[in-house]
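See below for the structure under consideration.
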Amino acid sequence: MAGTLSAVPERGLRRFADVNMAIGLFSVLLLGSLWFYMATKHESGYRETVGAAFRQNSNLAVAYDEHIARTLKGLDSALLFVRHEYRRVGRGLDIARYVDDGVVDGQLFSILSVVDEHGDIVLSSRHFEPTNYADREFFRVHRRGGGDVLYINRPVLGRVSGTWQVPMSRRISKADGSFGGVIVLSVDPGYFARFYQKSDIGALGLVTLVGHDGIARVRRVGNTLDFDVDMSGSSLLRQRAQQEHGEFISPGGSDGARHLVSYRTLREYPLIVAVGTAEQEVLREFMRNRNRDYAMALLVTLVIGAFAAMLMVTLARQRRAREALANSETRFRGTFEQAAIGMAHTSMDRRFLQVNQRLCDMLGYARGELMGRTATDFTHPEDRDSGIRDRQRLLSGEVDSVSAEKRYVRKGGSLLWVNRTVSLVRDAEGRPLYFLRIVEDITERRRLENELRELATTDMLTGLPNRRAFITRLEEEHARIRRFPQQRAAVLMLDIDRFKQVNDTRGHPAGDVVLRHVAELIRKGIREVDACGRLGGEEFAVMLTGAVPAAAVEFAERLRRGIAASAAMHEGCTIGVTVSIGVSALGKDDGSADAALQRADRALYRAKESGRDRVELDAGTAAA
């Protein structure tokens, strides 16, 4: 009997030990799963955050590449034009007048000069003292030969301007092919870093323009701007040696800040552009969330440990402990199911069966408001047809998943741009069960793309389309006229009379007021089907769709009178403004749209030479 009684405690102790072991093993597995999930989640979050930063920087690097290429092409065009005029006119060439008249866009450079074969400046867009450039790198390069190419010098201190400049030059060859000097212009290197101010790359962001020679024309990190920096041993040059375009994480420099850098090599010029964001800024929100999650995980760990200890101390609380553990598991699953992107299950008729909180937040609806409604209810009307086609392709088995950028209409009517991926989930026998939708918010990316596109086509001073945008619109109209010869169009070239006098006597701010004033009158004067733009300096252009020459001249006269009758206001003073206008028809037989623009330009100069404040028609147009 005594042996039997002693056996009961022993069985109880063994059972107690087994329960404790089970509790201990369960706790270890649960906490191991928790910390494994946390580690996996944050590793994935880190890759996603860094990947998003690289994608943004890559888009900015593409925009920076195009911006630099357009700028260099414009500068090279100025060099080629002045060289052509110098060969034609010789030392009687008046460069300053070309700049003042807007024939050469002087906004991108500080000085443009002609240097003879001895290195002496003989002509310039600005007043100059006798200066010799024979020892300059660009002069020696062109004197040695090397072909007729644009040479982009490393930054130097200008001998005329006294400031940092990037000389860009072209060789002048004499009739016998011998060296006859160079055409050189100087650009403020800081101009190439102003792209930084238009981009969201953080307070410690990096923008670099570096040559294949390893010398940075300009390098900006945060608010620090450097010129003529030797980067031949930098990680950027090592990466570029392996591939022309790419991305990498740069080691910390003197400031200790690592950067996520995307770079591109310009196709037509020996230059590399790089855009980078500071790793600490990119990961700031990620690190904050990670620390918060780890703090929560640590708290959960302590709770589970204490709870397990309580279970092992007293089996009487086992039931309550199991309930608490079940609640803890429920909270864990809820956290696990949260995703950084919107997710939903939809039925065959596209009704929501299940949605996550992220999708609710994106659309602005509560979960109950979405359940039972169709995805079509929230799709922009213009994007619904593509959704129907995608559904048919999935059901037919043509594809496993489809992705597309589309618009959703949020609660309240605002638009949400998303990248939506849909796949069809089937059972083991291949029967369709439901659609899985993954929705990524790309509204900010689309906004940035539109912003960059507007910057590339808009004159920032007047708000009118810039020269490139206007020429593109003119070429489209010319193509339309060639397809439909019965159509008509006319081109007007406008130039503000005595604009240089306004700048010289009242200052450039007053000149800017006059430019904006004239631009606004032009914008108000044209129809919605017409087009206008600022070509450069004080020169504007207008395209009148459907207008014959007589109607175009009538419009030009009305516009001229309206401008003359409406003075600009600057600092409480009125500034009288008049314009000279040249008119030409855009014809189907024109070789290009530029032909009509050139005729209008000739008429404009006749108007200027005939006393200004008048309209002239170039009657030599092609058949319209």
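The values are calculated or read from the model by the stated rules, or taken from the named source; none is laboratory data. Model, not experiment: these values are computed from the prediction. Positions of Cβ are generated from backbone atoms using ideal geometry, with glycine treated the same way; all protein chains shown enter the neighbour counts. Each accessible area value is taken on the protein alone, full model and side chains, heavy atoms only, with ligands, DNA and RNA left out. Shrake-Rupley method; radii C 1.70, N 1.55, O 1.52, S 1.80 Å.
Things worth noting here:
- When segment 549-570 is filtered for residues that are in a helix (DSSP H, G or I), in contact (Cβ under 8 Å) with a residue 12 or more places away in the chain and not acidic (D, E), the ones remaining, listed by number, are P549, A551, A552, V553, F555, A556, R558, L559, R560, G562, I563, A564.
- Yes/no for I522 being open to solvent by 10 Å² or more (accessible area, probe 1.4 Å), closer than 27 Å to D594 by Cα and not small (G, A, S): no
- A340, sole failed condition from (1) modelled with pLDDT of 90 or more; (2) within 26 Å of T49 (Cα to Cα); (3) open to solvent by 30 Å² or more (accessible area, probe 1.4 Å): (1)
- Any hit, segment 497-514, residues being under 23 Å from D589 (Cα atoms), open to solvent by 100 Å² or more (accessible area, probe 1.4 Å) and either under 32 Å from the mean Cα position of the chain (by Cα) or not basic (K, R) (or both): no
- Residue match in segment 516-532 (condition: touching an Asp or Glu at 6+ places or on another chain (Cβ under 7 Å) and in contact (Cβ under 8 Å) with a residue 24 or more places away in the chain): no
- Condition check for L112: touching a strand residue (DSSP E or B) at 6+ places or on another chain (Cβ under 7 Å) and open to solvent by 20 Å² or more (accessible area, probe 1.4 Å): no
- Look at (1) on the phi < 0 side of the Ramachandran plot; (2) open to solvent by less than 20 Å² (accessible area, probe 1.4 Å); (3) assigned to a loop (DSSP other than H, G, I, E, B) and you find that G102 fails only one, number (1).
- Members of segment 392-422 found to be part of a loop (DSSP other than H, G, I, E, B) and either on the phi > 0 side of the Ramachandran plot or of a type in the set (D, E, K, R) (or both), listed by number: G397, E398, D400, R410, K411, G412, G413
- Considering D65, D76, the condition of being modelled with pLDDT under 90, open to solvent by less than 40 Å² (accessible area, probe 1.4 Å) and part of a helix (DSSP H, G or I) is satisfied by D65 alone.
- Being open to solvent by less than 20 Å² (accessible area, probe 1.4 Å), farther than 28 Å from R264 by Cβ and in contact (Cβ under 8 Å) with a residue 12 or more places away in the chain holds for only one residue in V50, V82, and it is V82.
- Hits in segment 437-470 - residues which are open to solvent by less than 40 Å² (accessible area, probe 1.4 Å), of a type outside the set (G, A, S) and either in contact (Cβ under 8 Å) with a residue 12 or more places away in the chain or in a helix (DSSP H, G or I) (or both): R437, V439, I442, L448, L452, D459, T462, L464, N466, F470
- Check on D601, under 39 Å from the mean Cα position of the chain (by Cα) and open to solvent by 10 Å² or more (accessible area, probe 1.4 Å): yes
- Residue check, V615 of a type outside the set (K, R), surrounded by 14 or more Cβ atoms within 10 Å (Cβ to Cβ) and either under 37 Å from the mean Cα position of the chain (by Cα) or closer than 24 Å to Q486 by Cβ (or both): no
- Selection from segment 353-375 of residues that are over 15 Å from I438 (Cα atoms) and either of a type in the set (F, W, Y) or buried (at least 18 other Cβ atoms within 10 Å of the Cβ) (or both): Y365, L370
- The sole residue among L474, L492 that is assigned to a helix (DSSP H, G or I), under 12 Å from A531 (Cα atoms) and open to solvent by less than 20 Å² (accessible area, probe 1.4 Å) is L474.
- Output for segment 267-286, where each listed residue is modelled with pLDDT of 90 or more, touching a strand residue (DSSP E or B) at 6+ places or on another chain (Cβ under 7 Å) and not in a strand (DSSP E or B): Y269, P270
- Residue within segment 405-413 that is open to solvent by less than 50 Å² (accessible area, probe 1.4 Å), of a type in the set (S, T, Y), in contact (Cβ under 8 Å) with a residue 12 or more places away in the chain and touching a strand residue (DSSP E or B) at 6+ places or on another chain (Cβ under 9 Å) present: yes
- Filter result (among the small types (G, A, S), within 17 Å of H42 (Cβ to Cβ) and surrounded by 12 or more Cβ atoms within 10 Å (Cβ to Cβ)) within segment 281-309: A297
- Single match in A556, A564 (criterion: surrounded by 14 or more Cβ atoms within 10 Å (Cβ to Cβ), in contact with an Asp or Glu (Cβ under 8 Å, 6 or more places away or on another chain) and not polar (S, T, N, Q)): A564
- Residue in segment 130-142 that is closer than 13 Å to A78 by Cβ and not small (G, A, S) present: no
- Members of segment 149-163 that are modelled with pLDDT of 85 or more, open to solvent by 20 Å² or more (accessible area, probe 1.4 Å) and either within 14 Å of F109 (Cα to Cα) or touching a Ser or Thr at 6+ places or on another chain (Cβ under 6 Å) (or both): Y151
- Checked against the criterion of being out of contact with any helix residue (DSSP H, G or I) (no Cβ under 6 Å at 6 or more places or on another chain), free of Cβ contacts under 8 Å to residues at least 24 places away in the same chain, open to solvent by 10 Å² or more (accessible area, probe 1.4 Å) and not small (G, A, S), the candidates D213, D188, D176 yield just one match: D176.
- Any hit, segment 126-149, residues being in contact (Cβ under 8 Å) with a residue 60 or more places away in the chain and of a type outside the set (S, T, Y): no
- Qualifying positions in segment 518-540 - of a type outside the set (K, R), over 14 Å from R561 (Cα atoms) and in a helix (DSSP H, G or I): A519, E520
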